[in-house]
1. Exactly one of these conditions fails for Ala71: (1) modelled with pLDDT of 80 or more; (2) surrounded by 16 or more Cβ atoms within 10 Å (Cβ to Cβ). Give me its number.
2. Pull out all pairs, ordered by first then second residue, where Cβ-Cβ is under 9 Å, the residues are six or more apart or on different chains, the first lies in the stretch 53-64 and is assigned to a loop (DSSP other than H, G, I, E, B) and open to solvent by 60 Å² or more (accessible area, probe 1.4 Å), and the second is hydrophobic (A, V, I, L, M, F, W, C) and modelled with pLDDT of 75 or more.
3. Restricting to the stretch 21-39, give me the number of residues that are open to solvent by less than 70 Å² (accessible area, probe 1.4 Å) and at pLDDT 80 or above.
Amino acid sequence: MKHYLFVALAAGLLLGVAACSNPRNDPPGTATQRAYDRNMGTNTSGANPTQSDGRPGNPPGNAAERAYDRATDSNTSGAYPRNR
């Protein structure tokens, strides 16, 4: 009898944990990939489609290169052609 009680308890716990995780609300990629995307201006995780290469919302280069360009008035990223 104890064995059945244990199995029922384990099944109930597993169903409860499964009910808590909702993949529809979880953006694509891992947290590390999304953080990388935010910092580099990329879309490796798939969570930021507006940052995909060639899209109007994403200028050339990554965020670090554009920050360098703004600080030094250069155009290493290609986002600031007026700074040649």
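1. (2)
2. Listed pairs, sorted by first residue: Pro60/Ala79.
3. Summing the residues that are open to solvent by less than 70 Å² (accessible area, probe 1.4 Å) and at pLDDT 80 or above in the stretch 21-39 gives 4.
The values are calculated or read from the model by the stated rules, or taken from the named source; none is laboratory data. Remember, predicted model here, so these are calculated numbers, not experimental data. Backbone-built Cβ (ideal geometry, glycine too); neighbour counts: all protein chains shown. Calculation scope for accessible area: heavy atoms of the full protein, side chains included, ligands and nucleic acids excluded. Shrake-Rupley method; radii C 1.70, N 1.55, O 1.52, S 1.80 Å.
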